[in-house]
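Working notes for the structure below.
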Amino acid sequence: MTNFSLDSSPSVVLELTLRLKIRDVMTTQLITAEKKDSLRHIQQLMKVNRITGVPIVEGKRLVGLISVDDIIQALDGGFIEEACEGRMSRQLIVLEDDMPLSLGISYFEKYHFGRFPVLNKDSELVGIVSSRDILTGLLVEMNKEMEQLEEKLSPQKEVGTTIYSREFSLHKFDFEHAGTASGTIKMELKEKGLDPKTLRRVAVASYEMEMNLIVHSLGGTLKVTHMPRQTVLEARDVGPGIEDLEKALTEGWSTANDWIRSLGFGAGMGLPNIKRVSDDFHIESEVGKGTLVRSVIRHPELGGEV
Amino acid sequence: MKLSEIAEKLGWKKLGGGDSALDIGQGFTSDLLSDVMGNAPADSVFITIQAHKNTVAVASLAGLAAIVLCSNRLAPPDMLEAAKQEDIPVYQTAENQFWASYHLGRLLDLP
């Protein structure tokens, strides 16, 4: 899936929406107001800056939003001189700057708002994103991508005894597609006749690698190489790297945040699970560089040595 | 015991996806997906409150027979879509994980 070809150029756009983050396209020059500011003041802000929504803040914290609809209502209802505090929307749908662009696009489809405030990990307002920002961001990146695409069209190398090999690219926080890579690997190896017990070990290892890439890495690839006597899984990412490998291999130890944990991930069993189902397990990591995890699962029923 | 029979006796409501004629011998209760992935026995019923698409992915990869969502958690449409594709039945119960597990264990006469 990472090997681009002209035949799959639409997938380049999809890749892009997954690889780009909200922070890559959002507007960071924020026009904000405070709770005590009048709606009239905010109307002026909108007019001067040609914008249709103004976040209301307390310091760096987002407390509300006034949209152009609110202003129209204020003009209509005769309360345009009032402080915005009593009229602002408080129940806000926000995006996190680290989320993939694809999620932002789905929010626009889902909620029909003109813009979303963007918060960072510390819940501080860091930007605002409109559908226009997303389109512009995509077009700029697409241009760059097209240039790189041409360079990537070189033919692939053949590998000796490999029966089947495939590489998937995984993106940070892409829960939409989580499980797709390991699901595909399981299905295709089942078709190759791998016995159910071995298949389950491959499924466990590939799923945990996939989730690690999605939850913890900045993005990377999962490669499966299926040979007659063994299956090799390799997860390679571009960072952030693991500070303490010994801890990372300890059951129950996890660096996942609350949001990740609320989804049922971050149990601290990913790497231990992979190690347990592997005949050979290898991990190397450098902070700031990235991590490589390799798992070899032999096929006893096909004569692979255990 | 057949999954459909268990569901009927314990008052689980079927939300969608998959074959209910499977024979069930045990269950596994957890809300941590890696715990399930690493420890759930194949063909067991997965009792949880994690009502999302990734739950189906885990059930499918770990070869589990069904998912039971506790405390009346609702399954989002994309979860049911995935359940249909992966052929994993999804049930819902008003009971929490403790009581759902207890009643399943008792029904299956587990020691």
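The values are calculated or read from the model by the stated rules, or taken from the named source; none is laboratory data. Values in this document were obtained by computation on a predicted structure and should not be read as measured data. Virtual Cβ from ideal backbone geometry, glycine too; neighbours counted across all protein chains shown. SASA here: full protein model, heavy atoms, side chains in, ligands and nucleic acids out. Shrake-Rupley method; radii C 1.70, N 1.55, O 1.52, S 1.80 Å.
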Requested in this report: Quick one: divide the alpha-carbon radius of gyration of the range A:25-106 by 2.2 N^0.38 Å and tell me what you get.
Outcome: 1.14
**Report entry** Probe 1.4 Å - accessible area at A:Met146, Å² to nearest ten
**Finding:** 80
Requested in this report: Using only protein heavy atoms and a 1.4 angstrom probe, determine the accessible area buried between B and A, summed over both sides, in Å² to the nearest 100.
Outcome: 1600
Query raised in the report: If you bin every alpha carbon distance in the protein assembly as shown into 20 Å steps from zero, what whole percent lands in each bin?
Result: 23, 48, 25, 4, 0
Query raised in the report: Tell me, which longest segment in chain A has none of the GluC sites (Glu not before Pro) that fall in DSSP loops with at most 11 further Cβ atoms within 10 Å?
Result: A:159-242
Report summary line: Counting only DSSP loop positions in the range A:68-155, the trypsin sites (Lys or Arg not before Pro) whose Cβ has at most 14 other Cβ atoms within 10 Å are A:Arg90, A:Lys121, A:Lys152
Query raised in the report: Counting only protein heavy atoms, what percent of the accessible surface of the range B:3-107 is carbon or sulfur at a 1.4 Å probe?
Result: 50
Query raised in the report: Averaged per residue, what accessible area in Å² does the protein assembly as shown show with a 1.4 Å probe, protein chains only?
Result: 51
Report summary line: Low-density loop trypsin sites (Lys or Arg not before Pro), the range A:228-288, at most 14 other Cβ within 10 Å, DSSP non-H/G/I/E/B, are A:Arg229
Requested in this report: Starting from the Cα of A:Lys190, step 7 Å toward the Cβ, then list every residue of the range B:5-25 with an amide N under 20 Å from that point.
Outcome: B:16-25
Report summary line: Short to long, in 5 Å steps from zero, the percent of alpha-carbon pairs of the range A:164-302 per bin is 2, 11, 22, 25, 20, 12, 6, 2, 0
Query - Of all accessible heavy-atom area on the range A:64-219, the percent that carbon and sulfur account for (1.4 Å) - result: 51
Query - Cα-based shape type of the range B:59-102, given that a ≥ b ≥ c are square roots of the gyration tensor eigenvalues and the cut on a/c is 1.5 - result: oblate
Report summary line: A student applying the Cα gyration tensor rule (rounded when a/c is under 1.5; otherwise prolate if a/b is larger than b/c, oblate if not) would label chain B rounded
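Using a 10 Å cut-off on Cβ to Cβ distances, tally the other chain neighbours for every residue of A:260-271 and report the average as a whole number.
5
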